[in-house]
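Down below is the structure, laid out as structure tokens.
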Amino acid sequence: LQKLLILLQVTASVVVGKTLLTLFPNAMKRYILKLGEKSRMNKNPKFSYENWGPTFFSFKYLLFVLKVKWKRLEDEAYEGHPAPNTPVVTLNGEVCQLLDFMRGNRPLILNFGSCT
């Protein structure tokens, strides 16, 4: 049931977004760029809007968001137990698993922070 609700929510979001992108391309470009500002994605000169903007609300985008949201339904983290092996996306756009970054028995350190 949860997967069905997520499917409906994400599909509705993509359909509305794609419709608005078709009807109001300049306004949606400004909106998507504003989203990029929040994540500082558009501060990288090698990562221009033309590289990532058009992928919003595409079928590939829909499938990726569904895959991630469905996978998160299975993720549970408990103190003192192994971390869930969640999907992550590299800067090259490659999808892999978090624990793919482990090297031998070295600890994997994740740093979540802000420069503000």
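The values are calculated or read from the model by the stated rules, or taken from the named source; none is laboratory data. If you're wondering where the values come from, they're calculated on a predicted model, not measured in any experiment. Heads up, the Cβs are rebuilt from the backbone with ideal geometry, glycines too, and the neighbour counts pull from every protein chain shown. Surface accessibility is based on the protein's heavy atoms, side chains included, excluding ligands, DNA and RNA. Shrake-Rupley method; radii C 1.70, N 1.55, O 1.52, S 1.80 Å.
Among the helices (runs of 4 or more DSSP H) confined wholly to segment 9-116, which include 1 or more residues that are open to solvent by less than 70 Å² (accessible area, probe 1.4 Å), hydroxyl-bearing (Ser, Thr, Tyr) and free of Cβ contacts under 8 Å to residues at least 24 places away in the same chain?
Here the list reads 49-52.
Quick one: how many residues across segment 35-71 are at pLDDT 75 or above, within 13 Å of the chain's Cα centre (by Cα) and more than 22 Å from Val15 (Cβ to Cβ)?
The qualifying residues number 1.
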